[in-house]
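Here's the structure we're looking at; comments come further down.
A short reminder: the numbers here are calculations on the coordinates, not readings from a lab. Given the structure is predicted, the values throughout are model-derived calculations rather than measurements. Neighbour counts run over all protein chains shown; Cβ positions are idealised from the backbone, glycine included.
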Amino acid sequence: TQKDIATPRRTKEIMDKYGLSVKKSLGQNFLIEPNILTKMLESAGVDKETNVIEIGPGIGALTERLARAAKEVLAFEIDGRLIPILDETLAPYNNVEVVHSDILDVDLRTVISEKFNIDERLLVVANLPYYITTPIIMNLLESQLPIDGFAMMMQKEVAQRMTAEPNTKAYGSLTIAIQYWCEARIGFIVPKTVFNPQPRIDSAILILERREKPLVDVTDESHFFPLIRHSFVQRRKTLWNNLTKVYATTPEAKKTLREALEDAGIEPSRRAESLSIDDFARLSNSMVAFNV
Ligand code: SAM
């Protein structure tokens, strides 16, 4: 049997053979430590009953491990130079399909319904290209796809924001957007030394499990999410300060906003970072009821 791709030696062999130089602009940092992948698949709970979508297979380090551990694997890679390489490195596996595409351009709803049985568990597992971590995740969550969970490697700092508690510096609109749909936890920290080339900062495995229903009851999501973003625009300022700029520029509007805050039981002098997700849900629902 062949050596794992996720080793310094085999990665170098493959890159030399194809004369491949990494594209920094595509966030190409290849994993060269197989134990990290063992732990990652364990944290994600990948088994032979699990189908997997992978984003950015690179030269196949994670993909081959998924092929061995999972049922079917569907991987999307933007860099055309990697497609012939993956053809070769993944040749031993008949349960892997690689598609040459930007993940942000893929109509995942159609792809999933054509490729997978929706009664079966479906996970997204990826060592993400860091330059588009947040857009990828928000896209996957907002589109309400039939995905049961996510195990994704990303910058440590972003994973910490997604799992933050109120009254911390890391807590913000991203925290709330993620936790609204998912239970989020950090699986483990990944040192920057296990990549080639080595990134500047450490990474973390973020585990997301989709909730059966959102964490809080929100009457209008198209009001809730912008409200949260506006509340955090200037973190050090009060809620009142941030909200009046957007929602209440006239004296009458200010009066109504004050009533909505009172209805929700939120002091206008508080800062956004002190509000729980439940506080934001109550506030949004009151504002909707008061037409703010
Ligand atoms: N999975 C490999 C590993 O763990 O060694 C490579 C991970 S590397 C951090 C990120 C990969 O995502 C690269 O192969 C890169 O070309 C690919 N990528 C970057 N942007 C992408 C996009 N928009 N859609 C799909 N793949 C993308």
Q: Could you run the Karplus curve 6.51 cos²θ - 1.76 cosθ + 1.60 with θ = phi - 60° over the stretch 14-22 and give me ³J(HN,Hα) per residue in whole Hz, x for Gly and Pro?
A: 5, 5, 5, 4, 9, x, 8, 10, 6
Q | Theoretical gain in end-to-end length, Tyr130 to Asp102 [0.36 nm per residue, Cα-Cα removed] | A | 8.7 nm
(Q) Just to verify a number: FRET efficiency for Asp16 and Arg258, C-beta to C-beta distance, R0 = 45 Å, to 0.05? (A) 0.10
(Q) If I build a Gaussian network model for the chain, linking alpha-carbon pairs within less than 10 angstrom, which residue out of Asp148, Asp16, Asp47 has the largest mean-square fluctuation? (A) Asp16
Q: Pop the C-beta distance of Arg200 and Phe290 into the FRET formula with R0 = 45 Å and round what comes out to the nearest 0.05.
A: 0.45
Q. Just the Cα atoms of the stretch 212-292, one point each, no solvent: what log10 I(q)/I(0) does Debye give at q = 0.17, 0.20, 0.26, 0.27 Å⁻¹?
A. -0.59, -0.82, -1.42, -1.53
Q. For the stretch 117-124, in order, what is each residue's ³J(HN,Hα) by Karplus, 6.51 cos²θ - 1.76 cosθ + 1.60 with θ = phi - 60°, in whole Hz (x at glycine and Pro)?
A. 8, 5, 6, 8, 5, 10, 10, 9
Q) If contacts are Cα pairs under 8 angstrom and at least 6 residues apart, what is the relative contact order of the stretch 207-283 in percent? A) 36
Q: May I ask for the angle, rounded to the nearest 10°, between helix 133-142 and the longest principal axis of the chain, with both axes built from Cα atoms and the value confined to 0 to 90°?
A: 70
Q: List, in the order given, every pair from Lys3/Lys71; Lys3/Lys192; Lys39/Lys156; Lys169/Lys245; Lys17/Lys156 whose Cα-Cα distance in the structure shown is over 28 Å.
A: Lys17/Lys156
Q: Mind jotting down the three principal axis lengths of the chain based on Cα atoms? Whole angstrom, largest first.
A: 72, 40, 29
Q: Jot down the radius of gyration and Dmax of the stretch 17-108, Cα atoms only, both in angstrom.
A: 12.9, 37
Q) What's the local net charge at Val125, with K and R +1, D and E -1, over the other residues with C-beta under 10 Å away? A) 0
(Q) Using the Karplus curve 6.51 cos²θ - 1.76 cosθ + 1.60 with θ = phi - 60°, what ³J(HN,Hα) values do you get for each residue of the stretch 68-81, in whole Hz, with x for Gly and Pro? (A) 6, 8, 9, 7, 10, 10, 10, 10, 10, 10, 7, 8, x, 5
Q. Most mobile of Thr163, Thr249, Thr89 per a Gaussian network model of the chain (Cα springs, under 10 Å)?
A. Thr249
